[in-house]
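Below is one structure; the comments refer to it alone.
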Amino acid sequence: QVQLAESGGGLVQAGGSLRLSCAVSKRTMSRYAMGWFRQAPGKEREFVANIWTGGVAHYAESVKDRFTISRDNAKNTVNLQMNSLKPEDTGVYSCAAGGGLATERSSEYDYWGQGTQVTVSS
């Protein structure tokens, strides 16, 4: 069983930055693709970014050039640096672990964290 725990959420003004972290319980994190998803109130969960085992990263169009995902396999952590935040970035952000080449589909991720709230005020 893989356990994930997010941290780093909070309240920030539009234009500000936050850095989310996800701690993974297993030393085998290097075998998993890691993703970040978010869910806004009343909306479906949506893909934000993911990073494959080899370090290739993918981003949703809405966050491209503003967010950066990274992974540190030695520390079993995956991070999401969020810059130039907008009110529409508000939501609960969850990290997930999936197969090595997992895409933006949430169904391809087997393990999920509880999520951390990000609120961006205008």
Surface share of carbon and sulfur [accessible, 1.4 angstrom probe, percent] for the chain: 45 percent
Using the Karplus curve 6.51 cos²θ - 1.76 cosθ + 1.60 with θ = phi - 60°, work out ³J(HN,Hα) for each residue of the range 26-31 in order, rounded to whole Hz, and write x for Gly and Pro. 9, 5, 8, 3, 4, 7
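Normalised by the number of residues in the range 21-105, what is the relative contact order in percent for Cα pairs under 8 Å and 6+ residues apart?
Across the range 21-105, relative contact order equals 41 percent.
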I need the phi-derived Karplus couplings for the range 36-53: 6.51 cos²θ - 1.76 cosθ + 1.60, θ = phi - 60°, integer Hz, Gly and Pro marked x. 10, 10, 9, 9, 8, x, x, 10, 6, 5, 10, 5, 10, 6, 8, 9, 6, 4
Given backbone amide H placed at 1.01 Å from N, residues whose amide H is under 5 Å from that of residue 85, ignoring those fewer than 5 places away on the same chain, are 15, 16
Could you pull out every one of the lysines with an alpha carbon less than 21 Å from that of residue 64, ignoring same-chain neighbours closer than 8 positions? 43, 86
Just add up the charged neighbours of residue 85: K/R +1, D/E -1, any other residue whose Cβ is under 15 Å from the Cβ of residue 85. +2
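How many Å² of accessible area per residue for the range 74-118, probe 1.4 Å?
Result: 46 Å² per residue.
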Excluding residues fewer than 8 positions from residue 75 in its own chain, the lysines with Cα under 24 Å of it are 26
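The values are calculated or read from the model by the stated rules, or taken from the named source; none is laboratory data. Being a predicted model, the structure only gives us computed values, none of them experimental. Virtual Cβ from ideal backbone geometry, glycine too; neighbours counted across all protein chains shown. What goes into the accessible areas is simple: the full protein's heavy atoms, side chains included, and nothing from ligands, DNA or RNA. Shrake-Rupley method; radii C 1.70, N 1.55, O 1.52, S 1.80 Å.
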